[in-house]
Amino acid sequence: MRRLFFVQQYLKTIRKDLITTSVVIKQGQHYVFNQSYAFGSPSTAAGVVLGRSANGRIEWENDKGKSLKDIQSEAIEPMVAPQ
């Protein structure tokens, strides 16, 4: 439980900093990115956006509904030599 609290606080801190520096701005009832921002991992990005711990490889999807995990797996498959 303590680790979960730490992760949530970490994500809240990043989110607050992004709002304070206007990287993220309020638009109506939602927050939107006002400029590009590079996160250290897809999970951190998803957690900040969702406001909770998240697996970014599963949460992020392209416009066709394909997860980042599936996109990465498909990109690796041709590189794996058949046995």
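Excluding same-chain neighbours fewer than eight residues apart, the aspartates and glutamates reachable from LYS66 by a Cα-Cα span under 14 Å are GLU74. Working from Cα pairs under 8 Å separated by at least six residues, relative contact order for region 2-79 is 21 percent. Charge tally around TRP60: other residues with Cβ under 14 Å, Lys/Arg +1 each, Asp/Glu -1 each, net 0.
Once both labels are positioned 7 Å from their Cα atoms along Cα-to-Cβ, the gap between PHE33 and GLU74 label points is 2.1 nm.
Coordinate-derived values only; no laboratory data. Model, not experiment: these values are computed from the prediction. Glycine also receives a Cβ, built like all others from the backbone with ideal geometry; neighbour counts cover every protein chain displayed.
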